[in-house]
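The values are calculated or read from the model by the stated rules, or taken from the named source; none is laboratory data. This structure is a prediction, so every number in the text was calculated from the model and none was measured. Cβ atoms come from the backbone with ideal geometry, glycine included; neighbour counts cover every protein chain shown.
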Amino acid sequence: MLSEEKLPLSDVYKVESYKTIFRSERWWEAVVLTEAFGKKSINLYLWIKKGDQWKRKHKFVVRSLEEWNKIREPVESLLQKVSSTTGAKKF
């Protein structure tokens with residue numbers, strides 16, 4: 001991974017923790033636990049570097065375990081189809 005650098009987020013967000021999933025000279029993908037306006041959420045970000053600045057390309061937010069379970073189940077069912085065509089490990 002490239003040298004640690006402050007995440008390119010607004011000061012509105014307090015970063016409690018994060019994990020970089022992928023990082024290159026042009027792309028940065030991370031899962032970030034933030035707090036804003038008294039509420040915590042888990043955010044999946046994808047940034048692209050334009051010039052010397054990171055710009056947000058995508059953001060996906062999970063606000064609760066209930067919401068995560070609603071997302072997780074259909075994603076895992078679709079992963080079964082990906083796994084069957086790529087030979088990847090099944091869940």
Among (1) of a type outside the set (Lys, Arg); (2) at positive phi; (3) modelled with pLDDT of 95 or more, there is one condition GLY87 misses while meeting the rest; what is its number? (3)
Residue in the stretch 42-65 that is surrounded by the fewest Cβ atoms within 10 Å (Cβ to Cβ), counting only those that are closer than 19 Å to LYS6 by Cβ and of a type in the set (S, T, N, Q): GLN53
Taking the stretch 20-38 and keeping only residues that are within 18 Å of ILE71 (Cβ to Cβ) and charged (D, E, K, R), one is left with GLU29
Mind checking which pairs have a first residue in the stretch 22-33 that is more than 9 Å from TRP47 (Cβ to Cβ) and a second that is among the acidic types (Asp, Glu) and at pLDDT 95 or above, Cβ under 6 Å, 6 or more apart or different chains? PHE22/GLU29; LEU33/GLU16
Single match in ARG72, ARG56 (criterion: in contact with a strand residue (DSSP E or B) (Cβ under 8 Å, 6 or more places away or on another chain) and charged (D, E, K, R)): ARG56
Selection within the stretch 1-39 - part of a loop (DSSP other than H, G, I, E, B), closer than 16 Å to HIS58 by Cα and touching a Lys or Arg at 6+ places or on another chain (Cβ under 8 Å): PRO8, ARG26
Scan (1) surrounded by fewer than 10 Cβ atoms within 10 Å (Cβ to Cβ); (2) touching a residue at least 24 places away in the same chain (Cβ under 8 Å); (3) out of contact with any Phe, Trp or Tyr (no Cβ under 9 Å at 6 or more places or on another chain) for the single condition SER10 breaks and write down its number. (2)
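One line per residue, one yes/no per condition, for (1) of a type in the set (Phe, Trp, Tyr); (2) over 23 Å from TRP27 (Cα atoms); (3) assigned to a strand (DSSP E or B):
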{"position": "SER41", "(1), (2), (3)": "no, no, yes"}
{"position": "LEU46", "(1), (2), (3)": "no, no, yes"}
{"position": "LYS49", "(1), (2), (3)": "no, no, yes"}
{"position": "TRP54", "(1), (2), (3)": "yes, no, yes"}
{"position": "HIS58", "(1), (2), (3)": "no, no, yes"}
{"position": "VAL61", "(1), (2), (3)": "no, no, yes"}
{"position": "TRP68", "(1), (2), (3)": "yes, yes, no"}
{"position": "ARG72", "(1), (2), (3)": "no, yes, no"}
{"position": "SER77", "(1), (2), (3)": "no, yes, no"}
Considering only residues that are more than 15 Å from the chain's Cα centre (by Cα) and of a type in the set (A, V, I, L, M), which ones fall in the stretch 53-74? LEU65
